[in-house]
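What follows is a short report on a single structure.
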Amino acid sequence: MRILILLLLSLPAWGQCQTTFTTHNSARISFCVTANGNVLNLEGPPGWHQIDQNEGYAVCALDGSYGYWDLAGAGESGNWGDPVLSQPKGANTFPFTITRSTADGKFTLVQTFKLVSGGKAVGVTMKLGGPQVILRRFAEVMPQANQTGDHTSTAAFVWSSSRDGLMASPTANVNVISGIAQGGVQNPCLLDGADGNLAIIESWVPNPVSAYFEYAPMR
């Protein structure tokens, strides 16, 4: 038991689940969120890993001159301050909010997480204060090998021939777009990944920024 505890404590911050939520209805969704606000290990139903380690957010200058991001296992920009968590009812309960400011004080991002649609989807609200920027949400979706993806203006989805997949549905607003980023993302502000994976992207442009979207396993 002592060895196990030591191994858990040695995990990097992006690999630690700060809180975990599980539904006990027919959807049987389980997901955890890091202290930085990354959705990790999204399963639905059990054993079907829709997201595994690489998920997060990016605040990007309109001209690409600067950016702030945190994609958990896929890396981060290193220019964020420490997060502030609000979970008044205790661990693994809602409401659950994470507030994080950039190290230079230009932006403050507030993320709120919840289960929606009768526990069949994960809802994420992102609010950002600061100059006009692009706010992106990225997830490396991994239903299985030989996966494919597609998108419309209101949803992006990834699936495979032998397993169901995951859909991301942003707010129905002309300023919110969805799409598929081919090749994964190393810097989500430049979309310059090269590892051959599919990714879901959700973007918002106006100021102040306030966006809501859902991750919903497809069956």
TODO: Please state which one of GLY78, GLY90, GLY64 is surrounded by fewer than 18 Cβ atoms within 10 Å (Cβ to Cβ), in contact (Cβ under 8 Å) with a residue 40 or more places away in the chain and part of a loop (DSSP other than H, G, I, E, B).
DONE: GLY64
Task: Residue count, the stretch 43-61 (criterion: closer than 18 Å to THR22 by Cβ, modelled with pLDDT of 85 or more and surrounded by fewer than 23 Cβ atoms within 10 Å (Cβ to Cβ)) - done: 1
Task: Which numbered condition VAL59 fails, given (1) of a type outside the set (Gly, Ala, Ser); (2) in a strand (DSSP E or B); (3) over 16 Å from the mean Cα position of the chain (by Cα) - done: (3)
Open item on the list: Would you confirm whether or not the stretch 126-143 contains a residue that is basic (Lys, Arg) and surrounded by fewer than 20 Cβ atoms within 10 Å (Cβ to Cβ)?
Closed with: yes
TODO: Looking only at the stretch 93-109, count how many residues are surrounded by 15 or more Cβ atoms within 10 Å (Cβ to Cβ) and either among the hydroxyl-bearing types (Ser, Thr, Tyr) or more than 25 Å from ALA61 (Cα to Cα) (or both).
DONE: 6
- [ ] Please verify whether the stretch 32-42 includes one or more residues that are over 15 Å from the mean Cα position of the chain (by Cα), at pLDDT 80 or above, hydroxyl-bearing (Ser, Thr, Tyr) and surrounded by 15 or more Cβ atoms within 10 Å (Cβ to Cβ).
- [x] no
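The values are calculated or read from the model by the stated rules, or taken from the named source; none is laboratory data. Here the structure is a predicted model, which means the values were calculated and not measured. We place every Cβ from the backbone using ideal geometry, glycine too, and count neighbours over all the protein chains shown.
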